[in-house]
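These notes are about the structure you will find just below.
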Amino acid sequence: MSELTAPPLAASTGTAQPLRSFGFWLGALILGIVAFAALFGPALVPQDPFAQDLSQRLVVPVWMEGGSWAHPLGTDQLGRDYLARLVYGARISLVIGLATVITSGLIGTVLGVLGGFFGGKVDDVVLFAITCRLSIPVVLVALAVVGLMGSSFTLVILVLGLLLWDRFAVVARATTMQVRNLDYVSAAWCAGTSRTSILCREVLPNIATHLAVVATLEMALAILLEAALSFLGLGVPPPLPSWGLMIAEAKDYMFFSPWVIMTPGLALFVLVLGINLLGDGLRDVLGTRDAR
Amino acid sequence: MLTFLFRRLAVAILVAMTVLTLSFMLTRVSGDLAISIAGPNATQADVEAIRIAYGLDRPLVQQYLDWVQRAVRGDFGTSYFFRERVADLIAQRLPITLTLGLVGLSIALLVAIPLGTFAAVREGRWVDRVVMLVALVGQAMPSFWLGLLLMIELGLRLQWLPISGTGSWEHYVMPGIVLAFSAIPALMRLTRSGMIEALSSDYIRTARAKGLSRLSILGKHALRNAAIPVVSIAAVQLGFMLGGSIVIETVFALHGVGFLAWESISKNDFPVVQAVVLVLALIYIALTLFADLLNAALDPRLRGP
């Protein structure tokens, strides 16, 4: 299939365009801020994200009329502090993103490397698996599994991890196939190195940079998908403050107070933008040029 | 060309059979279906009765073979909730989803191809940077959030467009825009890189040396060659849009196939869920088959050994 035949790896260009480097650092900054908020935020923000206070429902943020610093970002429909929930939600997004990438990365890389390295029948099977996976409507299947088995944090990670491995496999396969033909691999083969040793010591380190770029993109995708699942009520279960879930809960009030969906939505957008910037910048800083 | 066609068709059929199996396994993954259908207040006798009534007491292999035999003939069973034939339900809702997908794709192509071309012609200058920024923004935007924002702005504040349901073509504009947003980045990038490559090639140099006008070079020569990957990606993006329509349809209350799937998941209506997954996958398989054949027809180098 067309998207499976990646064009040959361009030689390392080495010259990163200045603007793209800027993107890399901006992305890294954004990701750093969110990670900091996720790690230390709950300790720094005094409010409890789960404490309801029905006398303080839908308090506006501090920059609007009637807002106060007691709740800088306002409160939601159950009186829970928005800032606290936002910060806790950062933790959820990042954990799900990382866990999904690790799971899908493992599956995809193993499949891609095996197919690319051994070729022949093994490669045919791997290609077939990738084609089948691409044909499946991912969001629908994820929703169906969570809907049938009940929403839970670990189930979301498992389902997304088992569904998002395709790009890892494609890139791992394409890069392995090119590395396989290079001189130093042939040299190692002639010297009698075992196949596993070649895989681990020659192939893997050289495809790692490409996989790192894919990892950032897949992490962004995983975070967006989890938000969509939670938005539809079939992702992370309440009262956990997943940003997607916060948007869903706020949906009923958005026509009267639009700011309720702005905060979690902006947070999601900025985080995913940051990760994408990081991935693009990584691709340029490392000097690789894959087709997107 | 004929061998290529047969080989691709054979692969497509194999993939379809695999998806058939996967869609069956999908609904059996939660364990005991009878308990889910019976609900939380059912007694053991109720569960047993349901199990026999829906044929869930037969061995799994037999249920699977039954599903395969009926599915290839287009019989997807009966919906537990709607009490209609699933095939009918899907046939009713599919036109809405397809319309939505085509509207989204049209908007995406109308925006992505000119912008991508523009960026390629002015590669490295600020136009290029702005266009790439648009691509980044489009990639990062959560679709459901964009949908809600558009609803508030265009629907409520400015009263330009209706915010839900399907009545007229206006109902498809906002959902179409949201869908397009997800496809524009990929299409734009591809057009841009394809045009950059085409513009630096020999035949373009010849065309310039011959003294052809800039527009003629862009339109007739460069775009035609850059179009090949764009066509196949467009088909793939359409497939993704149809598969991912469930979110948009739920936000804008469009009663398409995606919305049907969401309703059925919430109601544990397994036959419908199974069938929708299968149908959407089959559409995607057909689209990619079409895209591959089109590509092979346009570029003989792709037909394989």
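Read-outs throughout are calculated quantities, based only on the coordinates presented, and are distinct from any laboratory measurement. For clarity, every value in this text was computed on a predicted model and none was experimentally measured. Positions of Cβ are backbone-derived with ideal geometry, glycine not excepted, and every protein chain shown enters the neighbour counts.
Since only A:47, A:78, A:107 are under comparison, the one whose Cα sits farthest along the positive direction of the charge dipole of region A:46-130, derived from C-beta charges on Lys, Arg, Asp and Glu, is A:107.
Please sort through the DSSP H helices of chain A and keep those with an alpha-carbon extent of at least 15 Å along the long axis and a Kyte-Doolittle average not below 1.0. It would help to have the intermediate numbers written out before the result.
Working: long enough: A:18-44 (38 Å, 1.67); A:82-118 (52 Å, 1.58); A:120-135 (23 Å, 0.91); A:138-149 (16 Å, 3.12); A:153-163 (16 Å, 3.05); A:166-180 (21 Å, 0.05); A:204-231 (39 Å, 1.56); A:259-285 (38 Å, 1.45).
Length and hydropathy pass: A:18-44, A:82-118, A:138-149, A:153-163, A:204-231, A:259-285.
Remark: region B:228-238, residue by residue, has Karplus-estimated 3J(HN,Hα) of 4, x, 5, 4, 5, 5, 4, 5, 5, 4, 4 Hz, where x stands for each Gly or Pro and the curve is 6.51 cos²θ - 1.76 cosθ + 1.60 at θ = phi - 60°.
FRET efficiency for the pair residue A:102 and residue B:2, taken as 1/(1 + (r/R0)^6) with r the Cβ-Cβ distance and R0 = 56 Å, rounds to 0.80. When only alpha carbons of region B:1-49 are considered, Rg and Dmax amount to 19.6, 61 Å.
How much length is gained if the chain between residue B:65 and residue B:125 is pulled fully straight, taking 0.36 nm per residue apart and subtracting their Cα-Cα distance, in nm to one decimal? Could the numbers behind the result be given before it?
Numbers: separation 60, 0.36 × 60 = 21.60 nm, distance 6.01 nm.
Contour length minus the Cα-Cα distance gives 15.6 nm.
The percentage of C-alpha pairs in chain A whose separation is greater than 22 Å is 64%. Spin-label pair residue A:77-residue A:25: with each label point 7 Å from Cα along the Cα-Cβ axis, the two points sit 4.4 nm from one another.
Can you give the helix-only mean residue ellipticity at 222 nm for the protein assembly as shown, where every DSSP H stretch with n ≥ 4 adds -39500 (n - 2.57) and the sum goes over all residues, rounded to the nearest 500 deg cm²/dmol? Don't skip to the answer; put the middle values down first.
Working: 24 runs with 411 residues, N = 597.
Using -39500 (n - 2.57) per qualifying helix, the result is -23000 deg cm²/dmol.
Suppose a student asked you for the relative contact order of region B:50-106, using Cα pairs under 8 Å spaced at least 6 residues apart; what percent would you report? Don't jump to the answer; show the numbers that get you there.
Numbers: 20 pairs, mean separation 8.5, N = 57.
In percent, rounded to a whole number, it is 15.
On the beta carbon distance between residue B:13 and residue A:181, with R0 = 35 Å, the FRET formula returns roughly 0.60. Considering only chymotrypsin sites (Phe, Trp or Tyr not before Pro) in DSSP loops that have at most 10 other Cβ atoms within 10 Å, the longest stretch of chain A without any of them is A:70-255.
Can you give the Kirkwood hydrodynamic radius for region B:141-294, in Å, rounded to one decimal and based on Cα pairs? Show your work: numbers first, answer last.
Working: mean 1/r = 0.0552 Å⁻¹.
18.1 Å is the Kirkwood radius here.
Look at the alpha carbon pairs under 8 Å that are at least 6 residues apart: their mean separation over the length of chain A gives a relative contact order of 30 percent. Kirkwood radius for region B:1-95, taken over all pairs of different Cα atoms as the inverse mean of 1/r, rounds to 15.7 Å.
Quick one: Kirkwood hydrodynamic radius for region B:193-232, alpha-carbon pairs, angstrom, one decimal?
Values: mean 1/r = 0.0997 Å⁻¹.
Kirkwood hydrodynamic radius for region B:193-232: 10.0 Å.
Global size of region B:202-274: 22.2, 67 Å for Rg and Dmax (C-alpha atoms, Rg to one decimal, Dmax whole). In region B:112-177, a dipole from Cβ-located charges (positive for Lys and Arg, negative for Asp and Glu) runs towards its positive end, and of B:176, B:148, B:138 it is B:138 whose Cα lies farthest in that direction. A dipole drawn for region B:14-150 from +1 and -1 charges on Cβ atoms has a positive end, and of B:49, B:26, B:117 the residue lying farthest that way is B:117.
One quarter of the convex hull surface, Cα atoms only: what value does that give for region A:145-292 in nm²? Before the final figure, lay out the partial values.
Values: hull surface 45.5 nm².
The Cα convex hull of region A:145-292, projected and averaged over all directions, gives 11.4 nm².
Peptide A:224-236 has a mean of 4 when you count, residue by residue, the C-beta atoms of other protein chains within 10 Å of its C-beta.
Approximating the spin labels as points 7 Å out from Cα along Cα→Cβ, the residue A:43-to-residue B:41 distance works out to 4.9 nm.
Magnitude of the Cβ-charge dipole of region A:50-116, K/R +1 and D/E -1, about the Cα centre, nearest 20 debye? Walk me through the numbers before you get to the answer.
Details: 4 positive and 4 negative charges, 35 e Å.
So the dipole magnitude of region A:50-116 works out to roughly 160 debye.
Taking B:238, B:278, B:215 in turn, the Gaussian network model of chain B (Cα-Cα springs below 10 Å) assigns the largest fluctuation to B:215.
Modelled label positions at residue B:157 and residue A:270, each set 7 Å beyond Cα in the direction of Cβ, lie 1.9 nm from each other.
Could you tell me the convex hull volume per residue, in Å³, taken over the Cα atoms of region A:221-292?
On the way: hull volume 7.1 nm³, N = 72.
Per-residue hull volume (Cα only) is 99 Å³.
For region B:140-241, give the magnitude of the charge dipole about the Cα centre (Cβ charges: +1 Lys/Arg, -1 Asp/Glu; no others), in debye to the nearest 20.
Around 580 debye, computed over region B:140-241.
Cβ-Cβ distance of residue A:33 and residue A:212, R₀ of 30 Å, FRET efficiency by 1/(1 + (r/R0)^6): the value works out to about 0.90.
For chain B, the relative contact order comes to 26 percent (Cα pairs under 8 Å, sequence separation of at least 6).
Could you calculate the contour length gain from residue B:91 to residue B:73, that is, 0.36 nm times the residue separation minus the distance between their Cα atoms, to one decimal place in nm? All intermediate terms of the calculation are to be shown ahead of the outcome.
Working: separation 18, 0.36 × 18 = 6.48 nm, distance 1.47 nm.
That works out to 5.0 nm of additional length.
For the protein assembly as shown, the spherically averaged projection of the C-alpha convex hull amounts to 31.9 nm². Any idea what the dipole of the protein assembly as shown comes to, in debye rounded to 20, about its Cα centre with Lys/Arg Cβ at +1 and Asp/Glu Cβ at -1? Value, rounded to 20: 1880 debye. Counting 0.36 nm for each residue step from residue B:201 to residue B:301 and taking away their Cα separation leaves a gain of 34.3 nm. Note on region A:85-224: Cα-only Rg and Dmax are 17.2, 59 Å.
Across q = 0.07, 0.09, 0.11 Å⁻¹, chain B modelled as identical point scatterers on its alpha-carbon atoms has Debye log10 I(q)/I(0) values of -0.38, -0.59, -0.82, in the order of the q list. So, in Å, what gap is there between the alpha-carbon centers of region A:186-219 and region A:136-185? Rounded to whole Å, the Cα centres lie 19 Å apart.
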